[in-house]
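Heads up: the structure comes next, in structure tokens.
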Amino acid sequence: MGKGNKALVALIITGLLFAGCSKGSGTSSEDYELKDVTFPLEEAVSLKFMTQSSPLAPTDPNEKLIYKRLAEETGVNIEWKNYTSDSFVEKRNLTVASGDLPDAILDAGYNDYDLQKLGKDGTIIAVEDLIDQYMPNFKKVLEEKPEYKSMITATDGHIYAFPWIEELGAGKESIHSIDTFPWINVEWLNNLGLDMPTNAEELKEVLLAFKNDDPNGNGQADEIPLSFIINHGGEDLAFLFNPFGLGDNWDHTVVSNDGKVVFTAADEGYRDAMMYFADLYKNNLIDEEAFEQDFNTYLAKGKDLKYGLYFTWDKANITGDNDQYELMPPLADATGNVHVARTNGMGFDRGKMVITSTNKNLELTAKWIDQLYDPVQSVQNNWGTYGDTEQQNIFEFDESANMLKHLALEGTAPVELRQKTNIGGPLVILDEYYGTVTTKPDDAVGRLNLMKEVMVPHMNADNIYPKVFFSLDELKELSTIEADLFAYVHRKRAEWIKTGKSEEEWEEYLAELDRLKYPTWLQIKQDGYDRNSN
Ligand code: CA
């Protein structure tokens with residue numbers, strides 16, 4: 001190859017690289033050179049965002065009333081690249097890999113690993129300075145609630161994304177405090193003249209009566225005394241571990257009041273609970289399908305009112321909104337003490353919106369995003385809006401009180417109406433907004449009341465395990481360990497109920513947990529907890 005050819009090749013390569021670059025930067029908006037931005041802009045401009053929405057929602061997000069109002073108030077037209085939720089992650093990843101970056105991604109769906117990786121390779125930018133300079137609404141929240149600032153800050157000190165924060169009840173009274181609520185058939189209790197059980201032994205007697213004494217009075221032994229979906233969040237039987245030591249939750253992690261992180265599945269109380277369940281199983285009190293059924297199978301039997309006791313977030317979703325089932329209070333342990341383990345859940349998502357490195361209008365973008373953190377706007381982002389003349393509204397807006405009021409749903413499924421009319425995306429709803437900025441949704445009020453009256457008095461743990469922002473290295477190690485550790489724990493959990501061998505095999509089980517690096521896992525979780533609480 002001669003000198004001339006080499007130069008030509010070099011030119012071609014440079015040309016390709018250049019073409020690649022300009023194509024990438026061509027996707028984001030041009031630099032409008034706007035400084036000291038106030039809304040509405042005197043002259044409208046466009047920003048290019050990617051987002052996702054439900055298939056029920058309009059294909060063009062700008063057809064949503066909530067976005068029409070934002071466009072009017074800001075003078076910023078958003079050119080959307082919108083994908084339906086089922087294909088969003090794939091489309092998002094393809095777009096980002098191609099380098100054709102939009103200005104920002106709203107409802108981005110990024111996990112902690114993605115955020116740090118994209119931050120590190122320069123695809124998305126750190127936003128802490130933008131918050132400081134241009135985002136008074138969001139900044140105010142972080143100043144009032146500094147715990148959220150530490151929760152969104154990565155171990156390298158940067159904030160890479162705008163979060164979704166939804167408080168619904170504070171501390172122990174949070175709606176997330178217990179996900180698996182136990183619903184007991186009080187009509188059957190009444191028919192058989194039985195009292196509400198108060199401990200594990202009494203519950204066994206009740207379940208035996210449900211099985212043997214035809215509580216539904218049809219002359220057939222068609223009752224299912226106890227059902228659940230094992231290892232399935234709110235439908236799991238975690239609640240029944242409570243009378244045996246620490247109790248349990250979906251990630252088997254609790255925090256002692258002196259700040260020690262404890263793995264419930266390695267606790268002796270867990271072993272004892274397993275022996276109790278095995279006894280129930282031996283007496284044919286547990287639904288044989290509890291170990292393999294999917295949600296629809298579980299639901300079908302629930303709708304037929306076949307269950308004596310079952311578990312889920314809200315009974316209305318399984319056995320309907322009737323008085324046949326009531327929340328069963330927590331059971332006392334052998335010494336008469338009552339304890340309820342809390343679930344490690346909260347309304348919090350770190351990766352709801354990111355700004356890309358090709359964005360040339362950072363001040364404008366930051367100020368637009370800050371609108372989403374205005375309290376009255378945040379509430380609408382979450383649930384939907386008001387004043388729509390073409391479809392049902394979630395809210396009416398009381399202008400004099402500057403307050404949104406939930407309207408009766410009149411049979412409409414709340415989730416569907418929300419998905420059609422809301423934004424998702426970044427928002428903050430603090431507990432103090434209820435009664436001042438918005439009313440609580442009806443479906444939450446009932447659950448919050450039950451939580452407070454029945455459960456909170458028996459929550460002995462001051463803290464839950466928080467949403468720790470682990471480093472990239474920690475996340476890699478945790479996910480590698482959890483793939484084996486949790487699979488093993490879940491397998492033994494189902495197996496022991498059937499075999500009754502949790503006592504016999506306990507030492508062997510603990511040795512296997514060690515082999516699967518349980519001590520390393522616990523140390524990373526403890527370090528994260530300590531970092532989070534300092
Ligand atoms: Ca019957």
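The values are calculated or read from the model by the stated rules, or taken from the named source; none is laboratory data. Nothing here was measured: the structure is a model prediction, and the numbers come from that model. For neighbour counting, all protein chains shown are included, and Cβ atoms are generated from backbone atoms with ideal geometry for every residue, glycine included. Just the protein is used for accessible areas: all its heavy atoms, side chains included, with ligands, DNA and RNA removed. Shrake-Rupley method; radii C 1.70, N 1.55, O 1.52, S 1.80 Å.
Things worth noting here:
- Test: E166 is acidic (D, E), modelled with pLDDT of 95 or more and closer than 17 Å to F348 by Cβ: yes
- Output for segment 240-258, where each listed residue is open to solvent by 10 Å² or more (accessible area, probe 1.4 Å) and either touching a Gly at 6+ places or on another chain (Cβ under 6 Å) or in a helix (DSSP H, G or I) (or both): F244, G245, L246, W250
- Considering residues of segment 184-207 that are open to solvent by less than 40 Å² (accessible area, probe 1.4 Å) and aliphatic (A, V, I, L, M) only, the residue farthest from the ligand (Cβ to nearest atom): A200
- Lone qualifier among Y32, Y83 - being touching a residue at least 60 places away in the same chain (Cβ under 8 Å) and either of a type in the set (S, T, Y) or not assigned by TED's automatic domain parsing to the domain that holds Q133 (or both): Y32
- Cβ pairs under 6 Å, 6+ apart, first in segment 181-207 and over 25 Å from G446 (Cα atoms), second open to solvent by 70 Å² or more (accessible area, probe 1.4 Å): L192/D213
- Any hit, segment 265-277, residues being buried (at least 21 other Cβ atoms within 10 Å of the Cβ) and basic (K, R): no
- Whichever residue in segment 213-249 is farther than 24 Å from D279 by Cβ and in contact (Cβ under 8 Å) with a residue 40 or more places away in the chain and, among such residues, is nearest to the ligand (Cβ to nearest atom): N216
- Filter pass, T356 being over 30 Å from V254 (Cα atoms) and open to solvent by less than 20 Å² (accessible area, probe 1.4 Å): yes
- Residues that are open to solvent by less than 30 Å² (accessible area, probe 1.4 Å) and among the hydrophobic types (A, V, I, L, M, F, W, C) were ranked within segment 455-474; the one that is farthest from P182 (Cα to Cα) is L472.
- Any strands (runs of 3 or more DSSP E) falling wholly within segment 337-445 and containing at least 3 residues that are more than 30 Å from T264 (Cβ to Cβ) and over 22 Å from the mean Cα position of the chain (by Cα): 395-398, 403-406
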